[in-house]
């Protein structure tokens, strides 16, 4: 190879890296902000529980059912929502999703009965359906697989960041505003935390571009490079009819894996404040500040493991090992519940492990799906997986009512993480390697 050819290749690689940095700085921070407010509205009911149950005389089972019923609405409308997004464009559809869920989340402040609690949580699930898989699909329009692992991870650090920000914020709102204007702290929390979703949804209409071709901030050469890379990758993917995708054994295997991991995710998300409070921590603000620790550590863990996975071109073990770490952390949180310090160590390990599995998981299905097939397949996997968001809080709440302890619930979630790890390792390595470096 001549010196000229080497220099040309280096320049081309440098140009490509610069283009993707430009795209990432434009899209990822904004999408991360969208997901932070989305996840905050989804799980702030875990903080509301600290006051809401006493105020409204709800049982743990009522809370668990209400927290989880969100995912029934989410499940029913996930696939059609994502197919609509693929047809009409991400800008309009994501804005619609965010504005409607912000309004419904704020309306949670008016809950007075279990029925109202169930109905509003169900409607919130319908409103948010399609958001997360829509963003995962949207990233496939811009990034090839060998760059998508880190990008998806940065986007999904929003789950952890929402815990870092949302825990102290929710605790502070509930403690500082309690009784103002005759409203309880949890009512203020729903109102204050619903408004950002509406505002960011309006911003989506002004900021987001549906496709590479629509991006006025890219030069013609930059657009050509990006579109060429996506077209080259899509040649090796399937774009089967929606009906075929919905019956694909591989898609159902992915759904089972994701279901296992989401069981762990929402077990932690909905019950972490309660578990910390049970160790002897009293004030809502103190609980909120402590919840920020596991999530803050998870941000670091997610980024480090994703970087390792992309650098090594390996996916399965980078998913399975964190899943097993999450299971160990959940078990230790039961064994060490008598000490706030040791329980926090265990919960931090659990949160790092559980959250690290999620973004890297999405490198599996996006390695073999494209086009409308990807829209339907990603939505089906996400909707079936998120049924665990219904089962997990309800099961833990029911077990807590039966045993007066969250211990058995944590053991159940740990078992789910182990099952998920085993299923990941059953995926053929050659299937995943198509999406690796």
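Data overview
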quantity	calculated
Total residues in the range 329-339, condition surrounded by fewer than 17 Cβ atoms within 10 Å (Cβ to Cβ), touching a residue at least 12 places away in the same chain (Cβ under 8 Å) and assigned to a helix (DSSP H, G or I)	0
Qualifying residues in the range 277-291 (those that are within 24 Å of the chain's Cα centre (by Cα) and modelled with pLDDT under 85) - the one farthest from residue 410 (Cα to Cα)	289
Long-range neighbours under 9 Å by Cβ, at least six apart or interchain, first residue in contact (Cβ under 8 Å) with a residue 60 or more places away in the chain within the range 292-311, second outside any helix (DSSP H, G or I) and surrounded by fewer than 20 Cβ atoms within 10 Å (Cβ to Cβ)	309/436; 310/436; 310/437; 311/437
Residue that is modelled with pLDDT under 90, farther than 26 Å from residue 396 by Cα and in contact with a helix residue (DSSP H, G or I) (Cβ under 9 Å, 6 or more places away or on another chain), where the choices are 318, 337, 307	307
Those helices (runs of 4 or more DSSP H) lying entirely in the range 113-196 with at least 2 residues in contact with a helix residue (DSSP H, G or I) (Cβ under 7 Å, 6 or more places away or on another chain), in contact (Cβ under 8 Å) with a residue 60 or more places away in the chain and surrounded by fewer than 21 Cβ atoms within 10 Å (Cβ to Cβ)	145-176
Some residue of the range 72-83 being farther than 23 Å from residue 32 by Cα, modelled with pLDDT of 90 or more and part of a helix (DSSP H, G or I)	no
Condition met for residue 61 (over 17 Å from residue 393 (Cα atoms) and in contact (Cβ under 8 Å) with a residue 12 or more places away in the chain)	no
Output for the range 204-226, where each listed residue is within 28 Å of the chain's Cα centre (by Cα), crowded, with 16+ Cβ neighbours inside 10 Å and outside any loop (DSSP other than H, G, I, E, B)	204, 212, 226
Of residues in the range 230-250 being over 27 Å from the mean Cα position of the chain (by Cα) and closer than 27 Å to residue 25 by Cα, the one modelled with the lowest pLDDT	232
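The values are calculated or read from the model by the stated rules, or taken from the named source; none is laboratory data. Note that this is a predicted model, so its numbers are computed, not measured. When we count neighbours, we look across all protein chains shown, and the Cβ atoms used for this are built from the backbone with ideal geometry, even at glycine.
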